[in-house]
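As structure tokens, the structure follows; a few thoughts come after it.
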Amino acid sequence: MNRLEKIYEGKAKILYACEDPDLVIQYFKDEATAFDGKKKGIIHEKGVLNNRISSRIFKHLEERGIKTHFVEMLNDREMLVKKLRIIPIEVVVRNIAAGSLAKRMGVEEGASLKDTVLEFYYKSDPLGDPMINEYHVKAFNIARPEELREMEAAALKVNKFLSDFFDERGIILVDFKLEFGVHGGKLLLGDEITPDGCRLWDKTTMEKMDKDRFRRDLGKIEEAYQEVLRKVMQ
């Protein structure tokens, strides 16, 4: 499958058309951003690592009945995926208080939650991806009610499968972001699942193994991503 024209370029990936109009090539970049693009940098070989990590996780989820856009990994930096009509909502699943949730609720990072928290954010770089709820979704016609319900149910299933998956490999899944789209009339999980969009802590040391190392200038960023890859491939 060959790249044709560029369809879209985001902060971490580029999408290219290919010979099949129902498919696109997703290219993973090394660029890293944080704080709505205010902080920028390069994480060496991040694109290669994230492509392999995301491919492995998508395969794991597909085996458990979660429908995704993933078709196959083409090479070190590219995967072939189904072309989606993206629903402009980021679904954030939180198992432990961290990041913005800990700050908003005035609790210490790492505080346990009585139950899993689902949050919705409107995908808009100019607006800074504001948090929304189901009333905003309905009022602004961002998604159909049945799509939102299906996204919620899928997010909770993904959380169960991935929490178990990472736990078996000595990693705590603190929180993560999911994106969905429609292909052939069916809702599919899209985008990527990598340390860019997940908070992952080492179960023994509680060391951060994700993009927080870049956000907070903790160092050893590449080493953390490499360790996540090593563990997910077990």
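The values are calculated or read from the model by the stated rules, or taken from the named source; none is laboratory data. Not measured: the values here are computed from a predicted model. Neighbour counts are summed over all protein chains in view; Cβ atoms, including those assigned to glycine, are modelled from backbone coordinates with ideal geometry.
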Failed criterion for residue 12 (all others in (1) surrounded by fewer than 19 Cβ atoms within 10 Å (Cβ to Cβ); (2) touching a residue at least 12 places away in the same chain (Cβ under 8 Å); (3) not β-branched (Val, Ile, Thr) hold): (1)
Would you call residue 67 within 13 Å of residue 193 (Cα to Cα), surrounded by fewer than 17 Cβ atoms within 10 Å (Cβ to Cβ) and modelled with pLDDT of 95 or more? no
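Matching residues to (1) closer than 12 Å to residue 53 by Cβ; (2) part of a strand (DSSP E or B); (3) under 16 Å from the mean Cα position of the chain (by Cα); (4) in contact (Cβ under 8 Å) with a residue 60 or more places away in the chain:
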site: 180; (1), (2), (3), (4): no, yes, yes, yes
site: 195; (1), (2), (3), (4): yes, no, yes, yes
site: 200; (1), (2), (3), (4): yes, yes, yes, no
site: 214; (1), (2), (3), (4): no, no, no, yes
site: 222; (1), (2), (3), (4): no, no, no, yes
site: 226; (1), (2), (3), (4): yes, no, no, yes
site: 231; (1), (2), (3), (4): yes, no, no, yes
Scanning the stretch 18-43 for residues that are surrounded by 12 or more Cβ atoms within 10 Å (Cβ to Cβ) and more than 28 Å from residue 127 (Cβ to Cβ), which turns out nearest to the chain's Cα centre (by Cα)? 25
Residue 129 - would you say it is at positive phi and of a type in the set (Asp, Glu)? yes
Just wondering, is there one or more residues in the stretch 161-175 that are within 19 Å of residue 64 (Cα to Cα) and part of a strand (DSSP E or B)? yes
Out of the residues in the stretch 122-143 that are touching a strand residue (DSSP E or B) at 6+ places or on another chain (Cβ under 9 Å) and without any contact (Cβ under 8 Å) to a residue 40 or more places away in the chain, which is surrounded by the most Cβ atoms within 10 Å (Cβ to Cβ)? 122
Specify the residue that is farthest from residue 166 (Cα to Cα); the eligible residues are those in the stretch 44-57 that are hydrophobic (A, V, I, L, M, F, W, C) and touching a Leu at 6+ places or on another chain (Cβ under 8 Å). 49
Of these, 144, 199, 169, 149, which one is outside the structural domain of residue 46 (by TED's automatic domain parsing) and in contact with a helix residue (DSSP H, G or I) (Cβ under 6 Å, 6 or more places away or on another chain)? 169
From the options 35, 58, residue that is at positive phi and among the hydrophobic types (A, V, I, L, M, F, W, C): 35
